[in-house]
Amino acid sequence: MIVLGISALYHDSAAALVKDGEIIAAAQEERFTRIKADARLPVNAMKYCMDAGNVDIDDIGAIVYYDNPLLTFCRFMDNLQSIAPDTKDLLNLSLEPLLVNKLWLHKDIERILGGLGKEDKLFAAKHHISHAASAFYPSPFKEAAILTIDGVGEYTTTAIGVGEDEKISLLKEITYPHSIGLLYSAFTYFCGFKVNFGDYKLMGLAPYGEAKYVNLIKDELIDVKEDGSYKLNLDYFDYIYGRPMTNAKFAKLFGDDRRLPESEITRREMDMSASVQAVIEEVVLKLAREAKKITQKNNLTMAGGVALNCVANGKLLRENIFDNIWIQPAAGDAGGALGAALYYYYKKSGEKREVDNIKDSQKGSYLGPEYSDDVIKEYLNANSYPYKCCDKAEIFDKIAEYIESGKVVGLFEGRAEYGPRALGNRSIIADARSPEMQSKLNLKIKYRESFRPFAPSVLEEYAKDYFELDAKSPYMLLCADVKKERRKNFNLENAKSESNDNLLSVVNLERSDIPAVTHVDYSARIQTVSKETNPFYHSVIEAFYKKTGCPVIINTSFNVRGEPIVLTPKDAYLCFMRTEMDILVMGNHILIKEEQPKLKEEGDWRENYALD
């Protein structure tokens, strides 16, 4: 049976193709359209998945949408009733997208693909069932508890479930308007970052602050129970009215109006970030304990946007509530496409899952398009871009030499990643030992705020030599501390006092022998790299290790601020030329910046990308 899953019309739309239980392909629409978190129907992603599976519409057993539009519309009507007569803003914001787009989605898909598959109808899976399926079915576990946490899907915002063999079910849930995902988004908005785009900035800013507002948040904004259930005090929020996340009462609680985007980040924003992060971690831990209590399972699987909070995930791992944790790499809405397809397959096919409790079926999340060396060569030759060809035996040493000499390298190899993290195939890499590299990459390559941390990619076999991590982290979804013996004396409060909160000067202070990937609290968001899952990327790091004795490099996504991760050779070349990147490696082709012709473009390319 072949199933096409689709997520769309909220944010970060995607498509995924499953054939006889195997994940064949999955991709986000933004990578094709170059519009960050593109929410439109994933026309390009659907067509890519079908091409990757070598199928046409008549081969597809079912097309499944990741959300139930009728339930979403019911929640919208309930919301209207609860806020009446103050309904104007919500009607203007949501009525047309719900009525015109979601309720007639089947007609749009039929028009684009020429049909709706063998069943000739569009199926819908509930939003949190899609999340739960995306977490459990690709996991290596025969049985597991399931935790899904996001902003909202239909009515549900948080759910505890269980997976056993081919069956999943949700056992307990929290419903809209109470949502820790929306609570986090409220703080994202108030601190001057973009909702649904900048939540990871709030997480990255948190270590610079003191969690001084935790009691205030728990006294005024959210009531958290011991079982992880919670309720928000809606007097402080305006999202239920279709207006900005927070209101004047929220601003008064924190002493002043929200920080305006792109303005100076003050101590208040740092402390607010640290405080709400602490509250989120508390809720996640309590929910996990409750999931363990009611399911009695030894394994946990997670999905939903909040599951991308790698700091909370790392803390959850260290609490040892479960023996093992597996988190869907595309944990946000994009992953719902895969979950919807897998849920339908196991619900209808009657086939058995084959798992070994060790290896997942996500294929490293390398599920997007790839471009052969011949295609890359044809592109470079057609545009007269100078390059050098290397065979695989020498290209790893070349890349290692570039990194060791302080060069910043764009790496374009193999299938594109599914999910928000670049995992070595569409990555920018550099030397983690350089104290200046974090600010250099942020300001001259990514064109973003200097405080933003970078992830280390470490050879899986040496991870324990560098990090307090007792688990594999192939998808960059776990934070752990750098080992104490590798740290250098560093006092954040003294550094901030001396710098008057100038984050750039704080960032450049050495904190360990891998300072470019060590956050100010000595933590790091870790990717462990396996030779089995990604032999090319493993060989790159291995060559660097043989040359330097260090098995750790910087890995950040191959894009600039506001731009989706690059997908094609053209995307990669443009990003390479628009930034101060030094080297571009595409397949077995090496491009050196100084040898390239000046890029000719009309207008300012930055206008194509909205700031996050």
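Compute the distance in nm between two label points, each set 7 Å from the Cα along the Cα-to-Cβ direction, one at residue 120 and one at residue 546.
A separation of 6.1 nm, rounded to one decimal place.
Out of the DSSP beta bridges found with both residues in the chain, what percent are antiparallel (nearest 5)?
Working: 58 of 80 bridges.
The antiparallel fraction comes to roughly 70 percent.
In this model, which of 19/377; 194/593; 36/446 are farther than 23 Å apart at the alpha-carbon? Walk me through the numbers before you get to the answer.
Details: 19/377 32 Å; 194/593 33 Å; 36/446 15 Å.
Checking Cα-Cα distances, 19/377; 194/593 exceed 23 Å.
Hey, could you grab the Kirkwood Rh for the chain? Inverse mean 1/r over distinct alpha carbon pairs, Å, one decimal.
Details: mean 1/r = 0.0405 Å⁻¹.
After inverting the pairwise mean of 1/r, the radius is 24.7 Å.
By how many nm would the segment from residue 375 to residue 483 grow when fully extended, if each residue of separation counts as 0.36 nm and the alpha-carbon distance is taken off? Before the final figure, lay out each step's value.
Working: separation 108, 0.36 × 108 = 38.88 nm, distance 4.34 nm.
Length difference between fully extended and current span is 34.5 nm.
Could you check the spin-label model distance between residue 243 and residue 260? Points 7 Å from the Cα along Cα→Cβ, value in nm.
My value for the distance between the label points is 2.0 nm.
Can you tell me how much longer the chain between residue 104 and residue 212 gets when fully stretched, taken as 0.36 nm per residue apart minus their C-alpha distance, in nm with one decimal? Walk me through the numbers on the way to the answer.
Numbers: separation 108, 0.36 × 108 = 38.88 nm, distance 4.78 nm.
Contour length minus Cα-Cα distance gives 34.1 nm.
Take every DSSP beta bridge with both residues inside the stretch 373-598 and express the antiparallel ones as a percent of the total, to the nearest 5. Could you put the intermediate results ahead of the total?
Values: 25 of 32 bridges.
If we restrict to bridges inside the stretch 373-598, about 80 percent are antiparallel.
Taking only complete DSSP H runs, can you tell me which helices of the chain stretch 27 Å or more along their own long axis by Cα positions and average at least -1.0 on the Kyte-Doolittle scale? Walk me through the numbers before you get to the answer.
Working: long enough: 267-295 (42 Å, -0.14).
Helix filter hits for the chain: 267-295.
For the stretch 10-111, calculate the relative contact order in percent as a whole number, restricting contacts to Cα pairs under 8 Å that are 6 or more residues apart.
Details: 89 pairs, mean separation 19.6, N = 102.
Reported as a whole number, the value is 19 percent.
Each label point is 7 Å from the Cα along the Cα-to-Cβ direction; what then is the distance between the points at residue 54 and residue 592, in nm?
4.2
Just to verify a number: FRET efficiency for residue 296 and residue 166, C-beta to C-beta distance, R0 = 22 Å, to 0.05? Intermediate values should be presented prior to the final figure.
Working: r = 19 Å, r/R0 = 0.88.
About 0.70, to the nearest 0.05.
Just report the Cα centroid separation between the stretch 257-314 and the stretch 80-105, whole Å.
29
Want the number for residue 352 to residue 252: 0.36 nm per residue separation, take away the alpha-carbon distance, what's left? Walk me through the numbers on the way to the answer.
Working: separation 100, 0.36 × 100 = 36.00 nm, distance 5.59 nm.
Here the segment from residue 352 to residue 252 would lengthen by 30.4 nm.
Would you mind ranking 100, 355, 279 by Cβ crowding within 10 Å, fewest neighbours first?
Details: 100 10, 355 17, 279 23.
Neighbour counts put them in this order, fewest first: 100, 355, 279.
Which lysines have a Cα less than 26 Å from the Cα of residue 292, not counting those fewer than 8 places away in the same chain?
126, 142, 167, 172, 218, 225, 231, 315, 347, 352, 359, 472
Work through the residues other than residue 314 whose Cβ is under 12 Å from its Cβ and net out their charges, Lys, Arg +1 and Asp, Glu -1. Could you put the intermediate results ahead of the total?
Numbers: positive: 315, 318, 525; negative: 281, 319, 468, 470, 481, 521.
Once positives and negatives cancel, what remains is -3.
By the gyration tensor of its Cα atoms, with a ≥ b ≥ c the square roots of the eigenvalues, what is the shape of the stretch 110-182: rounded for a/c under 1.5, prolate for a/b over b/c, or oblate?
Note, shape of the stretch 110-182 comes out oblate.
Suppose a student asked you for the relative contact order of the stretch 69-222, using Cα pairs under 8 Å spaced at least 6 residues apart; what percent would you report?
14
As an exercise, use a Förster radius of 25 Å and the Cβ-Cβ distance of residue 392 and residue 361 to find the FRET efficiency, rounded to the nearest 0.05. Walk me through the intermediate numbers first.
On the way: r = 27 Å, r/R0 = 1.09.
It comes out at approximately 0.40.
Quick one: putting +1 on the C-beta of Lys and Arg, -1 on the C-beta of Asp and Glu, what dipole do you get for the chain around its Cα centre, in Debye to the nearest 20?
Working: 77 positive and 91 negative charges, 90 e Å.
Computed charge dipole of the chain: roughly 440 debye.
All of the numbers you see were taken from the coordinates with simple rules; none came from a lab. Being a predicted model, the structure only gives us computed values, none of them experimental. Positions of Cβ are generated from backbone atoms using ideal geometry, with glycine treated the same way; all protein chains shown enter the neighbour counts.
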